[in-house]
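*Asks:* Before we start, here is the structure in question, set down as structure tokens.
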Amino acid sequence: MKLEGQLQEIIYQNETNSYTIAELATEEEIYTVVGYLPFINEGDFLSLEGKFVTHQDYGRQFKIETFEKKMPETTDALEKYLGSGIVKGIGPSTAKKIVDKFGEETIAIFKFEPKRLSEIKGISENGAIEMAEEFNTKWELWQIVGFLEKFGINASNSKKVYEALGNDAIEEIQKNPYVLVDITYGVDFFKIDKMALEIGIDVNSYQRIGAGIRYGLILASYNGNTCVEKNSLYSFVKDKLSVEEKYIDEVMINLKSTGKIVIEKDEDIEWIFLEEFYRIEKNIAQRIYMMMKTQNIKYIKSFNQQLEKEEIFLQMILSEKQKDALKQVNDSNVSIITGGPGTRKNDNN
């Protein structure tokens, strides 16, 4: 389902991931919309796709799946857009003067002849330039969001790309699309690869094979793996990128020498880590080892008797498995509970 309208009020926005709750005014009514909307401001015109859901506390809401920022299509809409406070220094009165003066050329004035905004009484030449820069920057941000959607990069991640590459993000990506593999998590590698080959990046290039190796290692992490057996990684890259092993060897040597990957040998098997995964895993292992070697100051000598008292006090009878788990916690400095989502790690059985 699609909703189109003007963002009337931002009720809440998470500064980290841009998850937003807002009011969208359409021609029919005002709707509460929820979802990831980076770089938006009150007054923006949005085209949203999604579905209506019912929140148990807040009632009917429109849950955003995809979105697009639209420039106002009429002078009345443009006046409303500018008058909403989207650009510092432009309120409803100034917005009306600008649109009355420049009409349908208003957007072109902001983009290509910003000094002409000073023709409006009350706007200095410096002020005109600042207004135009803010207007164009906010619009460029949305151009980046729309561009990144082609690669399966959602709104919550597009902010990360902008922070890494800045206003020249689109130009940088067009030069080397594989840069997205380094910046974002969950990117569609094959869309990136298709664009890269179309712009002339060589099939056997370091950029392409290096990105393929990184993508293979990231893909494995979706299943909880911080490393991949070397032969499996080679098979993946050869199959997905259609490249010969000698080229993979060359890139692997370079990645290792520059510290981007770590290779560890366990008996006769070589395991490949992304440097950041290896560093995190090593840090966790070191911390666990240190905790295991420290004194167990929480140890309860009369554990069984104390447990019986607690069961009586709490009016709760624990299962034998639960008692065993608590005993292990009592006896050890470190206890690790494993299992994916839905495996009932807190089960009462």
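The values are calculated or read from the model by the stated rules, or taken from the named source; none is laboratory data. Since the model is a prediction, treat every value here as computed from it, not as a measurement. All Cβ positions, even for glycine, are placed from backbone atoms using ideal geometry, and neighbour counts span all protein chains on display.
*Asks:* Anything in the range 90-135 that is in a helix (DSSP H, G or I), of a type in the set (Val, Ile, Thr) and either within 17 Å of Lys80 (Cβ to Cβ) or at pLDDT below 90 (or both)? List them, or say none. Give the steps one after another, and end with the answer.
*Replies:* From the range 90-135, those in a helix (DSSP H, G or I) are 92-112, 114-119, 125-135; that's our starting set.
Adding the requirement that they be of a type in the set (Val, Ile, Thr) leaves 94, 98-99, 106-107, 109, 129.
Those that are in a helix (DSSP H, G or I), of a type in the set (Val, Ile, Thr) and either within 17 Å of Lys80 (Cβ to Cβ) or at pLDDT below 90 (or both): Thr94, Ile98, Val99, Thr106, Ile107.
*Asks:* May I ask you to list pairs of residues, at least six apart or on different chains, whose Cβ atoms are under 8 Å apart, with the first in the range 86-110 being in contact (Cβ under 8 Å) with a residue 40 or more places away in the chain and the second being surrounded by fewer than 18 Cβ atoms within 10 Å (Cβ to Cβ) and assigned to a helix (DSSP H, G or I)?
*Replies:* Cβ pairs passing all conditions: Ile86/Lys138; Val87/Glu134; Val87/Lys138; Lys88/Glu130; Lys88/Glu134; Gly89/Gly127; Gly89/Glu130.
*Asks:* While we're on this one: Take Lys88 and tell me if it is buried (at least 19 other Cβ atoms within 10 Å of the Cβ) and basic (Lys, Arg). Show your work before the answer.
*Replies:* Values: buried (at least 19 other Cβ atoms within 10 Å of the Cβ): no; basic (Lys, Arg): yes.
Judged against the criteria, Lys88 is not a match.
*Asks:* Let me ask something else. Pick out the one residue from Glu267, Glu244, Glu281 that is within 30 Å of Ile218 (Cβ to Cβ), acidic (Asp, Glu) and touching a strand residue (DSSP E or B) at 6+ places or on another chain (Cβ under 8 Å). Step through it out loud before you land on a result.
*Replies:* Working: Glu267 fails: touching a strand residue (DSSP E or B) at 6+ places or on another chain (Cβ under 8 Å); Glu244 fails: touching a strand residue (DSSP E or B) at 6+ places or on another chain (Cβ under 8 Å).
Checking each option against the conditions leaves just Glu281.
*Asks:* Out of the range 160-205, which residues are over 22 Å from Glu245 (Cα atoms) and part of a loop (DSSP other than H, G, I, E, B)?
*Replies:* Passing the criteria: Asn176, Pro177, Thr184, Tyr185, Gly186, Val187, Asp188, Ile199.
*Asks:* Restricting to helices (runs of 4 or more DSSP H) lying wholly in the range 249-349: which have 1 or more residues that are in contact with a Ser or Thr (Cβ under 7 Å, 6 or more places away or on another chain), touching a residue at least 60 places away in the same chain (Cβ under 8 Å) and within 30 Å of Ala211 (Cβ to Cβ)? Break it down stepwise before answering.
*Replies:* Values: elements: 275-293, 303-314, 320-331.
The qualifying helices (runs of 4 or more DSSP H) are 275-293.
*Asks:* Another one. Out of curiosity, is Leu148 touching a helix residue (DSSP H, G or I) at 6+ places or on another chain (Cβ under 8 Å), within 19 Å of Lys70 (Cα to Cα) and crowded, with 18+ Cβ neighbours inside 10 Å? Give the steps one after another, and end with the answer.
*Replies:* Details: touching a helix residue (DSSP H, G or I) at 6+ places or on another chain (Cβ under 8 Å): yes; within 19 Å of Lys70 (Cα to Cα): yes; crowded, with 18+ Cβ neighbours inside 10 Å: yes.
Against the criterion (touching a helix residue (DSSP H, G or I) at 6+ places or on another chain (Cβ under 8 Å), within 19 Å of Lys70 (Cα to Cα) and crowded, with 18+ Cβ neighbours inside 10 Å), Leu148 qualifies.
*Asks:* Next question. Can you go through Glu229, Glu245 and tell me which one is among the charged types (D, E, K, R), surrounded by 15 or more Cβ atoms within 10 Å (Cβ to Cβ) and not assigned by TED's automatic domain parsing to the domain that holds Leu326? Can you show your working first?
*Replies:* Working: Glu245 fails: surrounded by 15 or more Cβ atoms within 10 Å (Cβ to Cβ).
It is Glu229.
*Asks:* Let me ask something else. Checking Gln207 against (1) crowded, with 18+ Cβ neighbours inside 10 Å; (2) in contact with a Phe, Trp or Tyr (Cβ under 8 Å, 6 or more places away or on another chain); (3) at pLDDT 90 or above, which test does it fail?
*Replies:* (1)
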